[in-house]
Amino acid sequence: MVMPAPLAVSPSLVTPRPFQPRPGPADNGFADAFSECLLAQGLIDAGAVARARRAAEATAERLDHVLVKLGLIAEADLAAAYAAYCDLPLLTGRDIPDQPIMADRLKLSFLKANRLLPISCAADLLVLASVDPFVDELARAVSYMLDLRVELAILPPAAMEEAMRRLHGEIGLEARRDVEHVAALVAGDGGDLDLDRLRDIANEAPVIRLVNQIIARAVERRASDIHIEPGPEAIAIRYRIDGFLQHEKAAPAPLRAALTTRIKIMAKLDIAERRMPQDGRIKTAVRGVEIDIRVATLPTVLGESIVMRILDRSRVELDFDKLGLDAITRGRLDHLMALPNGIVLVTGPTGSGKTTTLYTGLKQLNRPELKLFTVEDPVEYQLSGINQIQVHPATGFDFPVALRSILRQDPDVIMIGEIRDLETARIAIQASLTGHLVFSTLHTNSAVAAITRLVDLGLERFLLASTISGVMAQRLVRRLCPQCARPHSDRRRLSEQMLMAMPGTSFDLAQTREPVGCEACSNTGYHGRTMICELLVIDDGIREVIGRRSQDQHSMEALARKSGFRSLFEDGIIKVLAGETALDEVLRVTRVT
């Protein structure tokens, strides 16, 4: 994909260059020329272009705007396309000045209405950032008014809004006005609002904007979940980012019914039902990217608590190397996935990335000669070429029923979302014994504990010994922020901590780093997460131990270590020594003291 590189802005970077103007949105050839540019950069495929052009013709809207509305292209990619199409510099948030430029001569209302932002002014040249390159008339008007030469540059919408928020606080002001407007709508309605009135308020533009802003802000901040929690004085809105909840804002308590109803309408839930939990799903486009959101409501004494799980396909990279697997573990896992039959389990607590690991394995196995099935509750991401099945326990279509049906479909590989009961476990065993490769998840704290857990469910030891091929336990730890992490300042203390956890071991602390905190990581010191894991490969020796009634986890782990087994904590220490994460993070998720 060929994309213009972000530029540091200075007058020399925006001097005029020879360029043949291309058709603008008002010209007849714009759709053809812009589509050709998008295709040449690999930002979109021909099918998506055809769909967008049909929609643009039907609605008489600009093709580029329709592409974003339909979620066919991300706003950031569209900004790159604008820069290439119009031969303009592409800016990033790092190019934003520390203080407003020309604040005394360019009204904020004008800049906000037209999504323009002065970036630099030197000599007789003003660099003006815009989210839309086709604003020549506005640029000429600014040039005439200020008696300066104006050069345009492209700034993605998210960066423009962040710049406005940082330099002028204007985005926050608009949100406060919406909150006040919604509060006025519900004021004077004593007690509970009737359903028709509530539905009308929830469909008002300020309520729609408020909910959309909550979702968009969560996506921009890389949140995995949005928590909306009613309280006696206010509604708390919190985002889970890199596994930790962070307070985003508080909304006045009177808005509770309006926000809850709006979210329920979007998720196609029953707005009249407030005494029972409900589950739904929202599909929407944020910044031009299609986002799936799982919605769960739960009645509390102060109103309905809502959790929204954000499933952003654009952020999920189904690649073992990018997930954090080292070469040795990757090789052993590849061997397990190449087996013709057997059961491979992934264990860990909720939110430890088990499903992502399984999806990555399925993607690697997804070949024309293999037939793959998944049984999930719910289906999180749709994978092309794989038959994915959503169970519906309320209608009787649960894991055992779905699995029995799958076995009659001549599968090669089966993924079971989770082994929850003896019946599901027995069918997984049966599938393995009849020549299928089975993947599934289990809730245990370690790889070795998975065997004990299956025995506790009621499975016979000899069946486990003959079918389980491998078990991987995993956790997610936060990565140190690449912008602000620094070499560890107290390596003597760090060495003492590590020796307490692993006595008699020597460590090279040269690459260890510690968190600091900056604007890029919201002052947490961390940005993103990586995986630490332990992989137990079941060989003949371990099979013999599993088959004994007297087997225990310690003897099984001791035997596994002779074949190179490494614990979760030890894998985490390797990432600490490489400067990827901090020791406190590893201790937090492995509970080693």
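Name the helices (runs of 4 or more DSSP H) wholly inside the stretch 500-593 in which the number of residues that are open to solvent by 50 Å² or more (accessible area, probe 1.4 Å) and touching a residue at least 12 places away in the same chain (Cβ under 8 Å) is 2 or more.
In the stretch 500-593, the matching helices (runs of 4 or more DSSP H) lie at 540-547, 553-561.
Of the residues that sit in the stretch 312-331 and are among the small types (G, A, S) and surrounded by fewer than 18 Cβ atoms within 10 Å (Cβ to Cβ), which one is farthest from V471 (Cα to Cα)?
Among those that are among the small types (G, A, S) and surrounded by fewer than 18 Cβ atoms within 10 Å (Cβ to Cβ), it is S314.
List the residue pairs whose Cβ atoms are under 7 Å apart, where the first residue sits in the stretch 421-449 and is modelled with pLDDT of 90 or more, the second is among the basic types (K, R) and crowded, with 23+ Cβ neighbours inside 10 Å, and the two are 6 or more positions apart or on different chains.
T441/K354
Restricting the first residue to the stretch 330-358 and requiring it to be closer than 20 Å to D571 by Cα and among the charged types (D, E, K, R), which pairs with a second residue that is open to solvent by less than 40 Å² (accessible area, probe 1.4 Å) and in a helix (DSSP H, G or I) meet a Cβ separation below 9 Å and a spacing of at least six or different chains?
As it stands, the answer is R330/F320; D334/F320, since those pairs meet every condition given.
Here's the yes/no breakdown for (1) buried (at least 20 other Cβ atoms within 10 Å of the Cβ); (2) in a strand (DSSP E or B); (3) modelled with pLDDT under 90:
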| residue | (1), (2), (3) |
| --- | --- |
| D196 | no, no, yes |
| Q213 | no, no, yes |
| A218 | yes, no, no |
| H227 | no, yes, no |
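Out of the residues in the stretch 390-420 meeting the condition of being of a type in the set (D, E, K, R) and touching a residue at least 24 places away in the same chain (Cβ under 8 Å), tell me which one is most open to solvent (accessible area, probe 1.4 Å).
D410
Being part of a helix (DSSP H, G or I), touching a residue at least 24 places away in the same chain (Cβ under 8 Å) and open to solvent by 50 Å² or more (accessible area, probe 1.4 Å) is the filter here, so list the residues in the stretch 56-89 that pass it.
K69, A76
Restrict the check to the stretch 10-22 and report whether at least one residue is modelled with pLDDT of 90 or more and not in a loop (DSSP other than H, G, I, E, B).
The answer is no; no qualifying residue exists.
State whether one or more residues within the stretch 557-567 are hydroxyl-bearing (S, T, Y), out of contact with any Ser or Thr (no Cβ under 8 Å at 6 or more places or on another chain), modelled with pLDDT under 85 and more than 30 Å from Y239 (Cα to Cα).
For the stretch 557-567, residues hydroxyl-bearing (S, T, Y), out of contact with any Ser or Thr (no Cβ under 8 Å at 6 or more places or on another chain), modelled with pLDDT under 85 and more than 30 Å from Y239 (Cα to Cα): absent.
The values are calculated or read from the model by the stated rules, or taken from the named source; none is laboratory data. Everything numeric here is computed off the predicted structure, so don't read it as measured data. Reconstructed Cβ throughout: ideal geometry from the backbone, glycine too, with neighbour counts over all protein chains shown. Please note that ligands, DNA and RNA were not included when accessible areas were found on the heavy atoms of the full protein model with its side chains. Shrake-Rupley method; radii C 1.70, N 1.55, O 1.52, S 1.80 Å.
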